[in-house]
Amino acid sequence: MTRIGMNPARNRVSEYRPARVTVAVIVYLPHLEGYFENRLDVVRLSFETLFANTHEPYDLLVFDNASCDEVKQYLAELQAAGRIRYLLSSSENIGKLGALRVIAGAAPGELIAYADDDTFFYPGWLRAHLKIYDHFPEVGMVSGSPERTLFDHGIQTNLKRAESDAEYELSVGKRIPVEWEREWATALGKDVDPYLVYVEKLDDIVIEYRGQKAYATACHNQFLSPKKVLEQHLQGHWSGRLMGGMNEFDEAIDRAGLLRLTTMDRTTKLIGNVVSPEMAEEARSSGVKVGKRLWKTTDRPQGLLQRMARKGPVRLLLQGIYNRLFWILSGQSGEWVELETED
């Protein structure tokens, strides 16, 4: 005899029903050293702003892309506390696109609100995304962080829609505050002053439909999209790339004739790999608790070695050494491959 008794779950029905929106986050911290030394503080802040500032119903799905034990324990604690509904864990890093493909198949909601694990969520962020998604016809992506450099790709559908339909109107000019651009550049680790000189030459594009305005672009670091859109446009060749390929994803949505839009107000933003005092103060202003480890930049002049390290050949050499050390510390291996391209 191979069975004793009857499974008590037989003939029972779960009362759980998926929310319309699945909020999905990919977490990747292979260790807590070097670039990742302060990243767990960043992830904690991101989740705390999400919990504090999301007031619409949602299910939280987290994809752990082969993080270290400390991070796995933190995520397990969040799930045990009922804050994470779905926790998926990969034994190795399958890349952002690979993780998004898994998320697209696993998310139960009609809409997926994706975010990198270093996203700061402002109060009302999801409501603002849904307002745009529900107002504009045929939307593929809605983001919450307006950035001027995002107008360089994936906006042809927006432009064509405005040309062919009198209910749409485009306006071009400077609307995104310089301070937002400064913070974006800092969070990405860019040299701020040259970046600001560059974006000053660019214009913002606003699209309006029946009284509702949005920036005519979107950001793949954080966006809301229909589940079916992700399922359709993330298919195809599994590249194995750990990063990259997201601009191609943007372009695929644009070619499908779907709008890519961003809220006029900044409803999310990139934190970076450290929590600054300014970021911590923003969090506290909305009732979010912040850890004690903060990164404060200084105005001390850079020494000769620092200046040399940021120049051409020396920077390339040091970056190569750093990248190799990263792979050693992360415990992963891989190789460069040539991707197949369609003619």
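The values are calculated or read from the model by the stated rules, or taken from the named source; none is laboratory data. Here the structure is a predicted model, which is why all the values come from computation and not from measurement. With ligands, DNA and RNA removed, areas are computed over all heavy atoms of the protein, side chains included. Shrake-Rupley method; radii C 1.70, N 1.55, O 1.52, S 1.80 Å.
Tabulated data
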quantity: Cα gyration tensor, the range 206-265 - rounded (a/c under 1.5), prolate or oblate; calculated: prolate
quantity: In Hz, Karplus ³J(HN,Hα) per residue of the range 117-132 (6.51, -1.76, 1.60; θ = phi - 60°; x = Gly, Pro); calculated: 7, 10, 9, 9, 9, 8, x, x, 4, 5, 4, 5, 5, 5, 4, 6
quantity: For the range 207-219, 3J(HN,Hα) per residue [Karplus equation, 6.51 cos²θ - 1.76 cosθ + 1.60, θ = phi - 60°, Hz, x = Gly/Pro]; calculated: 10, 10, 9, 6, x, 9, 10, 7, 6, 8, 6, 8, 10
quantity: In sequence order, calculated HN-Hα J values of the range 254-268 (Karplus, 6.51, -1.76, 1.60; Hz; x Gly/Pro); calculated: 5, 5, 6, x, 10, 6, 10, 10, 9, 4, 5, 7, 7, 9, 9
quantity: Cα gyration tensor, the range 19-114 - rounded (a/c under 1.5), prolate or oblate; calculated: oblate
quantity: Accessible area of the range 170-282 belonging to carbon and sulfur atoms, whole % at 1.4 Å probe; calculated: 51
quantity: For the range 1-48, accessible area per residue (1.4 Å probe, heavy atoms of protein chains only), Å²; calculated: 66
quantity: The range 91-243: C-alpha gyration tensor shape, a/c 1.5 cut-off, then a/b vs b/c; calculated: oblate
quantity: Solvent-accessible surface (1.4 angstrom probe) belonging to S276, in square angstrom, nearest 10; calculated: 30
quantity: Volume per residue of the C-alpha convex hull in the range 61-171, rounded to whole Å³; calculated: 153
quantity: Where the range 110-153 is the region considered: accessible area per residue in Å², 1.4 Å probe; calculated: 29
quantity: Whole-number percent relative contact order across the range 1-134, with pairs defined as alpha carbons under 8 Å at least 6 apart; calculated: 37
quantity: Full-extension gain in nm, Y16 to M246, via 0.36 nm per residue minus C-alpha separation; calculated: 79.5 nm
